[in-house]
Every structure is written in structure tokens, then in C-alpha cells.
Amino acid sequence: MKDSIFMLFPGSPALTLLVWAIIIVAIMYFARKPVHVALRAFSRTIHASLRVAARAVTLSAKRLKARNEDVLLESGKKAIEVAIEREFERVEKVIERDIGTYPELHRKLSDYNSKIEADYQASMETPPPPPEWVKAVDTLAKIKTGNDPMVGKMIGDIKGTIEKAQNKATDEYRRATRERLSALKSLMPLWRQSNKLLEQVDGKITGLFQHAKKIDENLAEYKEIEQRSDKAVRTLSSSSLTQFFIAGIVLAIAIGGIIINFNLIAYPMQEMVGGNSYIGPIKTADVAALVVILLELAMGLFLMESLRITHLLPIISSMDDRMRTRMLWITFSLLVILAGIESSLAYMRDILAAESASMRQYLMGSEEQMQTSVSTIPLIGQMVMGFVFPFVLAFTAIPMESFVHSLRNLLGMITVGLLHFIAALLRFTGSLFDGLGKLVIGVYDLVIFAPLWAETKFKKPTK
Amino acid sequence: MKRLFYSLLALLTAATLFSGCSEKTAHTKGVYMLLDTSGTYTEELVKAQQIINYILANMNPGDTFAVSRIDTGSFSEKDILAKVTFDDRPSVTNEQKRGFRQKIDEFVKSVKSSVYTDVSGGLLQAVEFLNEANPADKTVIIFSDMKEELKPGYKRDFPIQLGGFKVIATNVIKLRSDIKDPTEYLGRLDMWKKKVEAGGGDWVVINDLERLEPIFK
């Protein structure tokens, strides 16, 4: 350093440093304007570029948000359309089943009414009045007889006749009253039946009202979606998230089932594909077991698609009914075959496990091979499990569909959030560069403050 | 769970490689056991049965196992008492294990002592056998006191190629002379260690038959 060419005054570093400082300050002073321009240009360019980038990212986020909303609203619309369709189908069924039989019901009610009216009329029939001549005879009977025996006898006869007529009239009256009462009594079951029929009608009408109410609600929701209201978007987003978590939980349970299923069939699979064959570091038997499980899942998916329960593969649900029914039976048969294979593998697993345990005991000590447990309960349990699992796994297609749909929405929301964050970061970095440019310019002027001060002090004011 | 995950990975990544060319020997074990039948050591063979049974219990489909005797001239196929490469099917493997044990039991009942102890010849035969079977892990177990006594005229002073082999000496009992002079015992073990390691192999001694895990480590 001592002999360096920069050492202007060897032996006097302070002086050298001072001279160099003056030279540098002078250079910086004379280069001030272009350096300022360059620094401003640099910081502004970066600031502007980052702002443009931020705007582009914000725009992308907005577009993605709009696209997400479109997808969300469209899926919501479809779901409501399906719900309304189902409600109408139910209403149609109610009308077909219940209201369709209304003429018969009406006829029954009319019959009951006619019968009730007839019986009522019958109950109104009054007993016949006593004959008119009875009054005349009654007057005659009240005539005083004196001591005339002839008159007495005649009066006695008249009295007897009157009493007879009276008795007859009483009997008649009683009979008529009895008939009226029995007519009224026969009205009771008719009233009850009519009441029952009317209650049935009431129940059916109430059911229809409920369906109509539900349709109204769905239509209101549909209208909200059509108008793309914030409320509809919020509701659908929240519903999508709920669907995601519920489907996620169900899928996690299904994965648990897959693991158990895998362990049930992986070991006995060695009997079929060999226990010494590997694909990479994995036993071929393990891979084969997994393939069987994946095939079951695929068959389950096809089955659900054929039944139009899920709509992940539109090509299946859009097949004509004949072909779809064929597909349904084919996939179901394959599922049954796979279930049979699993069941037999579970059986084999039990046998192999028992053999291995027995062999281990034989090798580890006892002279004779020990007999293994003869309980068939675990064997039956394993076989049933092996048979049932494929069908249980078939239903995984339902939560899987929900999961896929809701995952798309969730990923969309996350991406929008991420894009907004990136845009904010870009804006912040842009502002930082702008500020840094100003700071550097300030520091630059600070270094050359002396000539600047002199300039302002001695510069002649320009007119 | 881990196995399932790896299976899924293997299914996806190895699908392209899956054209019937699955490997068969990359994960197999090969064990060759030498039984010393010289002098009074035959009395120790009951312990050897324990080891054999332990090995059989831990063998899987595709593994190779052979048991051979050490006698006057051990470098010979005639000394192999029982050998087997287990079938791919676990059910058949179990049958093979049963048959193997029966052969060993019969041998132990009818064994006759040999005059000389050709350990090196037996080791050479083991190397030849296992190289031919070509399993992934090659282990030679020597059930002996490791005192070699060669018949005059037998040449064994040459290096044996043991690269990739694990040589385990088990039940190395102390002889009367060893009790008098332990350096003789230690020297004998050291000589074998050097011989094995010079050939590129790993040397392990297991005297506690309750701890046989190192055989499969």
C-alpha cells in the first residue's frame, strides 16, 4: 500500500487521503447532474415496472376472482336447478299419487254425504198423530152417565176403544222414535269416515304446500344467483368450504379403510404374484394389492356414474339409458368379482398367518408342530371385511366428487389471495426503490455539501 | 401407511418399467452355515440346531439357505447337508422349512466326528455356493471353535475373495489350551478376522446364542 500509485505523498497518508477526498468530491460535484438523472431514472424505472407488474397481477387476481365466482355461481345454479327439478318431481308424484285419485275421493265423500242426508231425512220423520175422532170420543166419554146402565155400558165401550187407540198410538210413536234413533246411529261411522278422508286430504295438501314453499325458497336463491349478488357468492363460498371439509373428513376415513384393506390383501397376494418379486424397492405383491384396491375405486366410480349419482365423467352419465344400464351391470359384476377375490385373499391370509405362526412355534422349540387356534370367527370376520370393503369403497366416489369441486373453488380462492399478496409485495418493493433512489441522491449531495454550499454562496444571481 | 405410499409411488413411477422385468434377487438373503464336526465339538451341534431354526424362521420367499459340515476336506459339495432356495409362495416356503429342519435333525442324530478341521475349505465352498446363488446379502456362519487342523497335503494358505460377504463365527468355545493361554484364543480370532477382512469381507463374532439378530442386520 505504501508503494501504491495512489499514495500521492509517501510518508503522509493523511495528506494523501485529504487530496484524494478533494479530488473525489470535485469529480462528484461536476458529475452531479448526470448522476442524479441516472439515479432518478433507475429508481423510477424499477418503481414504474414494479407498479405495472403489480397492476397486472391485481388484474389477474380480479379476473381469477371473477372466473371463480362464475364457476361458483354456475355450480350453485346447477345444484339449485337439480333441487328444483327434484322438488317438482316430488310434487308430480304427490299429484299423481294423491291428487290423481281425487275424483274417487270426491265420489266417496259425495256418497257419504248422500247417505248422511238420507239418514238425516229419515231421522226427521215424526210419528203419526192420534186419529181426529179420538177427541170427539173423548168428549163423549166425559158425559155423565147418571144411573142409566145402557149409557154406562156405552161409555165404558168408548173408553175401552179410546184406551186401545191410545196404546196403539204410543206403540207407533215408540217404533218411529226407535227408527229415527237407529238412523242417527248409522250416521256416526259415515261421519268418522268423512272426517278421516278430509284429514287425509289435509295432509296431502299440507305436503304440497311444503313442497311449494321449498320451491319458492329455491327460486328465491336462484334469483339471487342470477343477479350475482354478494350474498349469493358469500353463501356459495361458505357452502363450498363446508363441503370441502366434510368431503375431506369422509375421504380421510376412506383412506383409513384403504390402508386396512391393503394390509388385508397384500400378504396373501404373495401367493399369487410371488413373495420375491420386486418393482423397484417395492414388493410386486404390494403393488398388486394396491392395483386391486384402485380398480375397486375405479369400478365404484363407474358404478356411481352409471347410477348418475356423481358426474365426474360426463361421458357415462350422458350415455343412452340402455348402454348406461349395461355399464351399470358390468361394473357391478366386476365389483362383485373383486369383492370375491378380496374375500378369498382374506381367507388365504388367515391360513398363511396360521401356518406361519405354527411354523415359528415348530422352529422355535417344540418337536411337534403345534395346532393353531380353531376359532373361525376371525376368519369369517376377515372374509366378510374383504367382501364388504370394495362396496364401501365404491361410495368414496360421492365425497370425492364434492372434494374435487370444492377443491377447485378453494384453490381459486387461495390463488386470488396469493396474487393480491404478490401485488402488494410488488407495490411495496417499487415504493422502496423509489425511496432508495431519493435517499441515495440525498447522500450524494451530502458528500459534496461543501462545493454545493460554495456554489450557492458565490454564484451570481441570474436575472 | 408408509408402505402404501411407497406402493403408490412405485405404481406410478415404475409403471413404465413394468414389463415383466421385475427383479428377483435384489432383495434376497443367502446364508451358508458351516458346522464343525471335529472331535468333541459334535456335542455342541444341539446349539447349532437352535441357530438353524432361528435362521429358518427369519427366511423369506426367494432366500437361499445351506448347511454344510466341516470335516477333513470341506471344499466339496458332498459336505452340504441341506440346501434350499425358498419358493416365491409363502405356503410352499413353509413346507420347505419343515423339510429342511427334518434333514438337520436327522444329521445331528447320526453325526460322526471327523479327524481334521478344514475351516478354510468350508469357507471357500460357501463362497462358491453363494456366488452361484447370487443373493443380495451373502452371509457365512461358521459354527466352530475356529481351530483349523488340516490334513497333511491340504493347501489352504491363499487369500479368499470375500467382497460383499459377512462372515459370522458363532459359539467359538474356549479350548483347554485357550484357558491356559488366552492369547492363543484371541490370536486365533484375530487371525480369522484379518483373513476375512483381507478378502474384503466383514467379520462378526457371536458367542451369545440369545443374541442372533446381527445375522440379519
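See the values below:
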| read-out | value |
| --- | --- |
| Residue match in the range A:341-361 (condition: loosely packed, with under 14 Cβ neighbours inside 10 Å, within 30 Å of B:Met59 (Cβ to Cβ) and within 14 Å of chain B (Cβ to nearest Cβ)) | yes |
| Residue match in the range B:77-84 (condition: surrounded by fewer than 22 Cβ atoms within 10 Å (Cβ to Cβ), more than 10 Å from chain A (Cβ to nearest Cβ) and assigned to a helix (DSSP H, G or I)) | yes |
| All helices (runs of 4 or more DSSP H) inside the range A:371-463 with 3 or more residues being under 36 Å from the mean Cα position of the chain (by Cα) | A:377-394, A:397-447 |
| Pair list, Cβ < 8 Å and 6+ apart or interchain, from the range A:428-441 residues that are small (Gly, Ala, Ser) to residues that are surrounded by fewer than 16 Cβ atoms within 10 Å (Cβ to Cβ) | A:Gly430/A:Ala48; A:Gly430/A:Ser49; A:Gly437/A:Arg40; A:Gly437/A:Phe42; A:Gly437/A:Arg44 |
| Test: A:Gln227 is of a type outside the set (Phe, Trp, Tyr) and surrounded by 13 or more Cβ atoms within 10 Å (Cβ to Cβ) | no |
| One residue from A:Lys196, A:Lys204 being modelled with pLDDT under 85, at negative phi and among the basic types (Lys, Arg) | A:Lys204 |
| Residue in the range B:7-59 that is modelled with the lowest pLDDT, counting only those that are among the aromatic types (Phe, Trp, Tyr) and over 15 Å from the mean Cα position of the chain (by Cα) | B:Phe18 |
| The range B:165-181, subset of a type in the set (D, E, K, R) and part of a loop (DSSP other than H, G, I, E, B), residue surrounded by the fewest Cβ atoms within 10 Å (Cβ to Cβ) | B:Asp181 |
| Criterion (free of Cβ contacts under 8 Å to residues at least 12 places away in the same chain, out of contact with any Pro (no Cβ under 8 Å at 6 or more places or on another chain) and aliphatic (A, V, I, L, M)) met by exactly one of B:Leu150, B:Leu123, B:Leu186 | B:Leu186 |
| In the range B:41-74, residue nearest to B:Leu130 (Cα to Cα) [restricted to those that are more than 12 Å from every other protein chain (Cβ to nearest Cβ) and in contact with an Asp or Glu (Cβ under 7 Å, 6 or more places away or on another chain)] | B:Ser68 |
| Residue among A:Ala247, A:Ala220, A:Ala252 that is under 30 Å from A:Leu410 (Cβ atoms), surrounded by 12 or more Cβ atoms within 10 Å (Cβ to Cβ) and modelled with pLDDT of 85 or more | A:Ala247 |
| Single unsatisfied condition, B:Ser113 versus (1) modelled with pLDDT under 90; (2) more than 20 Å from B:Ser144 (Cβ to Cβ) | (2) |
| Meets criteria (more than 26 Å from A:Met385 (Cα to Cα), more than 11 Å from chain B (Cβ to nearest Cβ) and aliphatic (A, V, I, L, M)) for A:Leu312 | yes |
| Index of the failed condition, A:Ile259 passing every other in (1) of a type in the set (A, V, I, L, M, F, W, C); (2) within 19 Å of A:Met383 (Cα to Cα); (3) more than 10 Å from every other protein chain (Cβ to nearest Cβ); (4) surrounded by fewer than 22 Cβ atoms within 10 Å (Cβ to Cβ) | (3) |
| Options A:Leu290, A:Leu295: the member that is more than 10 Å from chain B (Cβ to nearest Cβ) and either touching a residue at least 12 places away in the same chain (Cβ under 8 Å) or not hydrophobic (A, V, I, L, M, F, W, C) (or both) | A:Leu295 |
| Unique match (being assigned to a loop (DSSP other than H, G, I, E, B) and under 19 Å from B:Ser76 (Cα atoms)) among B:Phe158, B:Phe129 | B:Phe158 |
| All helices (runs of 4 or more DSSP H) inside the range A:13-132 with 3 or more residues being assigned by TED's automatic domain parsing to the domain that holds A:Gly442 and either surrounded by 13 or more Cβ atoms within 10 Å (Cβ to Cβ) or aromatic (Phe, Trp, Tyr) (or both) | A:13-30, A:32-97 |
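The values are calculated or read from the model by the stated rules, or taken from the named source; none is laboratory data. Just so we're clear, the structure is a prediction, and the values are computed from it rather than from any experiment. Virtual Cβ from ideal backbone geometry, glycine too; neighbours counted across all protein chains shown.
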